[in-house]
Structure formats: structure tokens, C-alpha cells
1. Can you name the helices of the chain, as whole DSSP H runs, whose Cα span along the helix axis is 20 Å or more and whose Kyte-Doolittle mean is not below -0.5?
2. Using a Gaussian network model of the chain whose springs link C-alpha atoms within less than 10 Å, name the residue from Tyr56, Tyr101, Tyr21 with the highest mean-square fluctuation.
3. Just going by the charge dipole of the chain, with Lys and Arg at +1 and Asp and Glu at -1 on Cβ, which of Phe122, Ser108, Ala39 is farthest out on the positive end?
4. In square nanometres and to one decimal, what's the mean projected area of the convex hull around the Cα atoms of the chain?
Amino acid sequence: MQQYLAKFIQHLEGERNLSPYTVRNYRTDLAPFFHFVEAEGVEGLEAVDRKLLRRYVAWLIQDRPILTTRSTIKRGHAMRSVARKISVLRTFYRFLVREDYLETSPVSRLALPKMEKRLPAFLSKQQA
């Protein structure tokens, strides 16, 4: 799996000419997926299916302890972060299919989580 990641990173840097910070963010967003796949005992990326991906999304959303400098707090990732991680995963699998490392992408039909809608901020009479 790591050889695919290395080729993907090389593709981002060389062919797409992305900034080093963007490449770092892609790598950071893919890291939890690789940890999850290894923890589930999946041998290769070709064995990843839609069911596993749905468990991964649930794992990202669920409450779990996150260590901070002050204390341990419980929270999952925000929906926007989950959507970004899925988007990066789609790009990664699209690369693998295009380069003929895999035949199909299990991520292509995975739905993004619903985003929470925020109300717009408005000015008060005094501010206007």
C-alpha cells in the first residue's frame, strides 16, 4: 500500500505540480485511511470495498478520545473534514484506476456526508 501512496505523492508533486503544503495535506488526509485499513486486517487496496469504506466514514464521525495538551476530550471529525478526506480518497483511487493499478474504484459511489448549514451573519441596526 505504501508504494501506491509514494507513486500518488510523486504524481501530485511532478505531474500536477501542487504546492508542498497541498501535498502534505493530501498525505495527512490519507493517513487515517491507511491506519484504519491496517487495523481492519485488509491486505491490499484492491480488497477495500464499499462496506469497509462506510465503516471508515462512521469511524471518522464517531466520538473517540483525542489527546490534547490540557486533557482528553471526546469528539469526532467535523463533517467538512470527513468530506475532505473522502474527496482526497476519491482522487487517490481515481489515480490508481487511471494508472491501471486497480480495475475499479470503490470510492466512486460513496456519498459525502450531509453538511450542516449555517445561518448567515447579519448586521444589527446600530452596526448598519
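Any read-out appearing in this document is the output of simple, stated calculations on the displayed coordinates, not a laboratory observation. Given the structure is predicted, the values throughout are model-derived calculations rather than measurements. Counting neighbours? That spans all protein chains shown, and the Cβs are built from the backbone with ideal geometry, glycine included.
1. Details: long enough: 20-39 (29 Å, -0.28); 79-98 (28 Å, 0.20).
Counting only whole DSSP H runs, the qualifying helices are 20-39, 79-98.
2. For the chain, modelled as a Gaussian network with Cα springs under 10 Å, the answer is Tyr21.
3. Value: Phe122.
4. Details: hull surface 47.3 nm².
So the Cα hull casts an average projection of 11.8 nm².
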